[in-house]
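Have a look at the structure below before the remarks.
Nothing in this text is a laboratory measurement; each read-out follows from the coordinates by a stated rule. These numbers come from a predicted model, not from an experiment. Backbone-built Cβ (ideal geometry, glycine too); neighbour counts: all protein chains shown.
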Amino acid sequence: MSSQKPYLIRAFFNWIMDNQCTPYIVVQADYPNTKVPQEYVDKNGQIVFNIITDVVKELQLENEYVAFSARFSGASRSIYIPIQAIVAIYAKENGQGMVFEGEEPETVGDSTDSSGDGKDDSDSFIKVIK
């Protein structure tokens, strides 16, 4: 079966928007093929995006990727994020959302997590958004 992750991301995005909140996604910026402005990546290698449709243009929430264009310091930038690079989606106003277990590039599509690091990734995420 295909990954549940893109479906969950879309569901949480719609739920957050339906509740008049602001959807944010947390991205692991060093994941292969991820195209984000590196100057905004934090010390944990993550970047947080506000993906509300009033702020970004041409938002695409696809099964394999999330893409959009956004302005950074007045300059328009194209953003491309493989689904596996998304660490979390949450509402800015109350922090409600979902944290995903980390996916290593070599284990994409593998349903087992042999590293045991999933909880550590979640803990570091919580520190970023709180």
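Structural remarks
- Under Karplus coefficients 6.51, -1.76 and 1.60, residue-wise ³J(HN,Hα) of segment 46-61 in Hz, glycine/proline x: 10, 9, 10, 10, 7, 10, 5, 5, 6, 9, 9, 10, 6, 5, 10, 10
- Amide H within-cut-off set for Y65, under 5 Å, with H built and near neighbours excluded: I83
- Packing, as the average of other Cβ atoms within 10 Å across residues, places the peptides 68-77, 4-13, 39-48 in the order 4-13, 39-48, 68-77, highest first.
- Full-stretch length increase - N94, R71 - with 0.36 nm per residue and alpha-carbon distance subtracted: 5.8 nm
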